[in-house]
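What follows is a set of notes on a single structure, which appears directly below.
The values are calculated or read from the model by the stated rules, or taken from the named source; none is laboratory data. This one's a predicted model, so the numbers in the text were calculated from it and none came from an experiment. Cβ placement follows ideal geometry from the backbone for every residue including glycine, while neighbour counts extend to all protein chains displayed. Surface areas here come from the heavy atoms of the whole protein model, side chains and all, with no ligands, DNA or RNA. Shrake-Rupley method; radii C 1.70, N 1.55, O 1.52, S 1.80 Å.
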Amino acid sequence: MNAPNPLSVPLDDPFGPHNLPYGVYSTAADPAPRIGVRYGGHVLDAGAAARAAGAPGQIVSLLSAPVLNPLLAAGRPVWTRVRAAVAEWLTAPEHAAAVAPLLVPLAQALPHLPFEVADYVDFYASEHHAANVGRIFRPDAADPLTANWKHLPIGYHGRAGTVVVSGSPVLRPCGQRRAAGEAAPSYGPSLRLDVEVELGFVVGGASPRGRRVAMAEADEHVFGVCLLNDWSARDIQAWEYVPLGPFLGKSFATSVSPWVVPLEALAHARTAPPPRDTPLLPYLDDAGVLPPCGLDIAMELRLNGHTVSRPPFASMYWTYAQMLAHLTVNGASLRPGDLFASGTVSGPRPEQVGALIELTHGGARPVELPDGSRRAFLEDGDEVVITAAAVGPGGVPVGLGEVAGRIEPAR
Ligand code: CA
């Protein structure tokens, strides 16, 4: 019998050995950013652990980088080997003495953006969100969904350079907006600042220009997932978006969680997407594509500490495999560090929507917070936190952590 491992975490810990998400952190004592793996309430210095465990040079090198991009570039077979090695360092008793000093309490780990974002694309994959927003932005249209919506996952290219890690302050953007009933636009701070609860998919393993990535190959390119808040200035957005789509109403900031949960950790969360009522072109037809690429992830939106919504990711119409297949169907290349997001996650029920514009019916019905204050949209000083957990093995959830941000006044 082996002695109990001193590194063990409680069996029901959402950050146990079944999860092992990657991030980048520093400490006050050592400000150099380095790759960490969250384990229970601690973060493992992954590069130091690789050296201490005598790992092969390639693994030492990949985990000693200040960002995840070299690991992302290495591809699926290497990701699998690295994950197995990290799990062994944390759970095999023979490594315990060497690894224990390399664990930092989570509270001492300052999170950094875990990877350099190459290209950033945001999709629009929730039928409920698209229909709710369609009714608000196009009240006179017969169908709240546009004619293309059920034939392809709609998306737009966002701004990679303003993706920031959780905890980064979010400055209220200024811009052009035209209020209802006004003839001309004015310039000033956004008066309708909103959130969008989303999941981000982190891409690795490059594909060359001219080569399509089929749905069946998606798992070779999706390294893992993070939480994402697509901050949205609705007044700027509503005035600028016709006919080319989101621009300055979105590009001022996009927040991501510090932890990238490996796709392997979500094996038990896989679920069939909702039934489709419109036939799909072959490159998007996922009937028979195994395993299913829907994900059973329970998300939660908190405003100033109060839960205002619980969006269910399993309700998303389009899967990550379809999004990736569509993203590359024209021959667009993939680069390690590409990030594509799901679009706002909204379920069918009013308490499951992932944006304030839906929750408050375009601002007409503000939500009341426990302190008696009311919010149609975000006020300066408001703190928004998105959390989530996925279905995991044996009923133990897989934690995705949180993405948080506080609104600072416009400058
Ligand atoms: Ca979005």
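The Rg/Rh ratio of the stretch 22-112, with Rg taken over Cα atoms and Rh as the Kirkwood radius over Cα pairs, comes to 0.94. Considering only beta bridges that DSSP places wholly inside the chain, some 90 percent are antiparallel. Where in the stretch 242-312 are there trypsin sites (Lys or Arg not before Pro) that are in a DSSP coil and have at most 16 other Cβ atoms within 10 angstrom of their Cβ? Filter output for the stretch 242-312: 276. Axis of helix 76-91 versus longest Cα principal axis of the chain: the two differ by about 60°, to the nearest ten degrees.
Per residue, the chain reaches -5000 deg cm²/dmol at 222 nm when only DSSP H runs of four or more residues are counted, each adding -39500 (n - 2.57).
In the chain, the convex hull through the Cα atoms has an average projected area of 21.6 nm², a quarter of its surface area. Past the 24 angstrom mark, what percentage of all C-alpha to C-alpha distances in the stretch 126-240 do you count? Counting every Cα pair in the stretch 126-240, those more than 24 Å apart make up 46 percent. Compare 47, 294, 188 in a GNM of the chain, Cα atoms joined below 10 Å, and give the one with the largest fluctuation. Sorting by GNM fluctuation, first place goes to 188.
Against the main long axis of the alpha-carbon atoms of the chain, helix 127-137 sits at an angle near 30°.
Ordered from highest to lowest accessible area with the whole protein assembly present and a 1.4 Å probe, 95, 157, 151 read as 157, 151, 95. Its convex hull of Cα atoms gives the stretch 259-403 a direction-averaged projected area, equal to a quarter of the hull surface, of 11.3 nm².
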